1. Among Leu170, Gln64, Leu588, whose Cα sits farthest toward the positive end of the charge dipole of the chain (+1 at Cβ of Lys/Arg, -1 at Cβ of Asp/Glu, about the Cα centre)?
2. Please report, in debye to the nearest 20, how large the charge dipole of segment 70-157 is about its Cα centre when each Lys and Arg carries +1 at its beta carbon and each Asp and Glu carries -1 there.
3. Computed FRET efficiency, Cβ-Cβ of Thr368 and Ala493, R0 30 Å: what is it to the nearest 0.05?
4. Nearest 0.05, what FRET efficiency do Ala400 and Thr618 give at R0 = 41 Å with Cβ-Cβ as r?
5. If I stretch the segment between Gln71 and Arg16 completely, what's the gain in nm (0.36 nm per residue apart, minus their alpha carbon distance), one decimal?
6. Between Arg458 and Glu206, what is the spin-label point distance in nm, taking each point 7 Å from the Cα along the Cα→C-beta axis?
7. Estimate the FRET efficiency between Leu580 and Lys266 by the formula 1/(1 + (r/R0)^6), using the beta-carbon distance for r and 45 Å for R0, to the nearest 0.05.
8. Under a crude label model (7 Å from the Cα following the beta-carbon direction), how far is Ala408 from Lys645 in nanometres?
Amino acid sequence: MQADLHSASAPDNDWRARAAWLTAALNRHNHAYYVLDDPSVPDAEYDKLFQELQALEAAHPELQGSDSPTQRVGGKPLPQFEQVRHSIPMLSLGNGFDDDDIVAFDKRVSDALGLVPEVDYACELKFDGLAINLRYEDGVLVEAATRGDGSTGENVTANIRTIRAIPLRLHGDRVPRVLDVRGEVLMYKDDFARLNQRQRDAGLKEFANPRNAAAGSLRQLDSRITAQRALRFFAYGIGMLEGVDMPPSHSALLDWYMALGLPVCKERAVVTGAAGLLEFFRDIGVRRSQLPYEIDGVVYKVNRLDQQLQLGFVSRAPRFALAHKFPAQEALTVVQEIEVQVGRTGAITPVARLAPVFVGGVTVTNATLHNEDEVRRKDIRIGDTVIVRRAGDVIPEVVACVPESRPADAREFVMPVACPVCGSEIVRLEDESIARCSGGWIKCSAQRKGGLQHFASRRAMDIEGLGDQLIEQLVDKQVITTPADLYRLGLTALAELDRMAEKSAQNVLAALEKSKSTTLARFIYGLGIRHVGEATAKELARHFGNLDALLAATEEQLLEVADIGPVVARSVLAFFTDPLNLELVEQLRAAGIHWDEGAGVEIKPRPLLGNIFVLTGTLPTLSRDEAAQMIEAAGGKVSGSVSKKTTYVVAGSDAGSKLAKAESLGVSILDEAGLLALLHTAGMDAAPATDDVAIETSDLEKP
Ligand code: 5U1
């Protein structure tokens, strides 16, 4: 029976049937969300079904099939990845960079096929991710391996099973005996930004780009960490196939994959000849920045399988395929001036004004230099020739200068003493890398604009139609000063702005009204408290449950919130003790901003609060990062040096001077087993926290 999710006739009297129904329903919802890109139920509904299935499986473990959606949460950490030999090697692709390369490719192909004047090609995207082989036997996912060197990869099955886009069981009536699906694991740009925000909030290292984040997430020995990372997958190739005939063309293969329930990217086309290839390339190039994931080019494959076989291979790449790469995203240009920009927290960022240069499809005239120390470290001077990099949508940055090209009159950057916007003094605290305008948002319109733009942004109050330029106008014309003023705006004031028709003004007012119904987490995030990113705002909302409890929180109480350390706690406290901020909060509440209060106060246990640990030497099974995560999850702090304040030194093999110092100071010394026992006694699960550790990943998987 194909029971409808919402149907009252869904079986619930018989637990076995109910579990089967829940499994099917959850798998269907995963497919709708991750493969069809068309969610079928709200998240809360999905969670309810998921929890019901989990409870049923806990009561009747024999129900827990390997394709159950509950099996995507990750399992015990592996000591290492096993090696897997690919039955058919995973090949790489030849590259083309300009129109001539593509015309030459098409000519090579049509000449080799003889008498074929115009060849049909399947065109698709070249994802900036990690190539993977998925082995399905009788429709069940049995093994997943990285590309590795093409012949041998690593067994990452446990991690791959956590990716909801990947079906654990294939659908339909043409399920083969054996199928190797090849494709790419990647991370969407939005998910990458959220992950890095979480890394920042937790004081952890950020990932350089979505590809590194995807690679780092997939190459985790602890699949519970992978399960926390939003990874995606697109299928684009095939290895072994048994039990079903090979489809006659590449496009038919991808259609079949879709029928099997595998995710296939919808950005694909079948075109004819070199002209068709170049048209596809240009079309994707124009839309590249709007795609939700990063790509570094497109891929062309001769569409007909018999023709592919006829063409064969050269060394490790097929003759029938080519990657057409986008131009390099780095370029050389000259720094004409270095000016400073003022951010919403008053942060002063040096910005290089550049001689216009074409990088990765756009003309760049400005690039961030991050902060004064970076300018000195990279030794960038006005007049220098520099390398500019543009990665996806990220603000272009100056990577390095070319010292040989430095002119004699190159000038050093001098940090101004006064804010270029409001004239207030620029100050830089001793232990901070960032200089700031001391004007605050009352005096400094740049901070006002930044704060309002942040408040209205999608992840905060999500006020649609209230864009950055509109806010700039409203501030410049002194129509608004604070976020509370937004809710006092009327049709006349808005309609008087440049380029604002009455209909658009009405839309903005409707969006403002809609934004009043929000969540506590969005509201806290929207306030723009320093060091409070989205993840911290969520933690604060979850922990305190209502705004008044947060407003009344002491520093000690703030420190009890998961992942909040002294710097964040002091920043939150300072924000909520400033009378102007308190008045703003009250005005916003009075304007009608509301959320569901008292969603439950969840206080995570922090049994090791106040204990300082130092890790030294190599532990037998845990990495230092893992041990540190476990300690911090239990409320302990990890320090780099031993002192009288140290509570425990955790020592592994080859521990050196830190161990000796601990002995001389009489500090308690634990080995790994001792640490695990301590965590166990403290009631903490002896497993690394599933939160994030940024792992430096090399370009291991890239052909
Ligand atoms: N889209 C796509 N990416 N990609 C990468 N197709 C594709 N095919 C590949 C590779 C390495 O290889 C086969 C042509 C062998």
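Each reported figure results from applying straightforward, stated rules to the coordinates on display, with no laboratory input. From a predicted model like this one, the values you see are computed outputs, not experimental measurements. Because the Cβ atoms are built from the backbone with ideal geometry, glycine has one as well, and the counts that use them run over all protein chains shown.
1. Leu588
2. 620 debye
3. Values: r = 34 Å, r/R0 = 1.14.
Using R0 = 30 Å, I get an efficiency of 0.30.
4. Working: r = 35 Å, r/R0 = 0.85.
Once the sixth-power term is evaluated, E becomes 0.75.
5. Extra length from Gln71 to Arg16 when fully extended: 18.1 nm.
6. 1.8 nm
7. 0.35
8. 5.4 nm
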